[in-house]
1. Name, by its number, the condition in (1) closer than 19 Å to K27 by Cβ; (2) surrounded by 14 or more Cβ atoms within 10 Å (Cβ to Cβ) that does not hold for A234.
2. Does S113 satisfy the condition of being within 21 Å of G208 (Cα to Cα) and at pLDDT 95 or above?
3. Provide a single number: the residues in the stretch 21-46 that are without any contact (Cβ under 8 Å) to a residue 24 or more places away in the chain, among the aliphatic types (A, V, I, L, M) and farther than 21 Å from L266 by Cβ.
4. Collect the residues in the stretch 128-149 that are crowded, with 16+ Cβ neighbours inside 10 Å and under 14 Å from D76 (Cα atoms), keeping them in residue-number order.
5. Working only within the stretch 1-20, note down all residues that are without any contact (Cβ under 8 Å) to a residue 60 or more places away in the chain and over 17 Å from the mean Cα position of the chain (by Cα).
6. Kindly indicate whether any position in the stretch 53-66 is among the small types (G, A, S), surrounded by 18 or more Cβ atoms within 10 Å (Cβ to Cβ) and more than 18 Å from the chain's Cα centre (by Cα).
7. Is it the case that E97 is of a type in the set (D, E) and in a helix (DSSP H, G or I)?
8. What's the total number of residues in the stretch 81-110 that are closer than 15 Å to S134 by Cβ and either hydrophobic (A, V, I, L, M, F, W, C) or modelled with pLDDT under 95 (or both)?
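The values are calculated or read from the model by the stated rules, or taken from the named source; none is laboratory data. Remember, it's a predicted structure, so these values are computed and weren't measured experimentally. Positions of Cβ are backbone-derived with ideal geometry, glycine not excepted, and every protein chain shown enters the neighbour counts.
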Amino acid sequence: MKFGTLYSYWSKNWDCDYENYAKLIEKLSTLGFDILEVSADHVYRMARQDLKKLNELGKQHNMIFTTNSGPAKEFDLASTDAAVRKNGIQYFNDVMERMIDLGSTSLAGAIYSYWPCDFSDTDKEGAWTRSIESMKAVGKIAEKLGITISLEVLNRNESFILNTCEEALAYCKRVGSPAVKILLDTYHMNIEEDDSLAAIRAAGPLLGHLHVGENNRKLPGMNNSIDWKALGGALRDIDYHGNVVMEPFLVTGGSVGNSIRVWRDLSSGANESTMDRYISESLRFLKATFA
């Protein structure tokens, strides 16, 4: 397994430019991480020359890039508007082509629709039909470029389309692309799955990506609300050798705190060096528990 974290751990805002990503590569390398998970929208908007420079910097620090997408509504692959769906397919085509510049071969997130969902239309059957047809087109692009797409299973407060591993398995079967797999997240599973360990085992070889965090989105091991030892056992049962990426959200304020609904400080007033220590301890914990 390779271990990483989402880029936003130290920030209150989703924005991140080339300079900040360059600093994160160096920091995470020093802390012992293998993966930096970046924003698909940043990849989409960043100069291709900068993406190539980050690729080279990543190679120097043995850093892998995975790409996380919570698409805007204008790119909704499940939209009732055919023009929006077409726009979404083109968006992901552009993102994946730019991912090649970055050296990233993993695209993960709520790609099948948009995030966060506003629940203005909850016709699940219709959304599935439209989303699956769009995903077939996106999957073909991914196959051509050698990119794996992992669809994130979200809790009921963030999406109505994929809430359980069982639903994701059915969705992927209908898409029928070897490039389209599943992303399970311990935070979301804690809310929706009857048995998170059974969900991991059911996903089996279709588990393309794993997000980890405590049930209140603290770092793994901070309060042990998840049975991490048992989770590691389930991953070994399916011979999982993929990416394990933390998605911690500890700090209030800014666009991150508002989007994730962090209304109280979960960091105990930590400064940057203490935040570094927290995530380093969590990384050691995961490696020891999952190995």
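1. Among (1) closer than 19 Å to K27 by Cβ; (2) surrounded by 14 or more Cβ atoms within 10 Å (Cβ to Cβ), the lone unmet condition for A234 is (1).
2. Yes; evaluated as a whole, the condition is true for this residue.
3. Within the stretch 21-46, residues that are without any contact (Cβ under 8 Å) to a residue 24 or more places away in the chain, among the aliphatic types (A, V, I, L, M) and farther than 21 Å from L266 by Cβ number 0.
4. Hits for the stretch 128-149 are W128, R130, S131, I132, S134, M135, A137, V138.
5. Result: D17, Y18, E19, N20.
6. Initially, the stretch 53-66 is screened for residues among the small types (G, A, S), giving 58.
If we keep only those that are surrounded by 18 or more Cβ atoms within 10 Å (Cβ to Cβ) too, we end up with 58.
Keeping just the survivors that are more than 18 Å from the chain's Cα centre (by Cα) gives 58.
Yes: one or more hits.
7. Yes: the conditions hold for E97.
8. Number of matching residues: 9.
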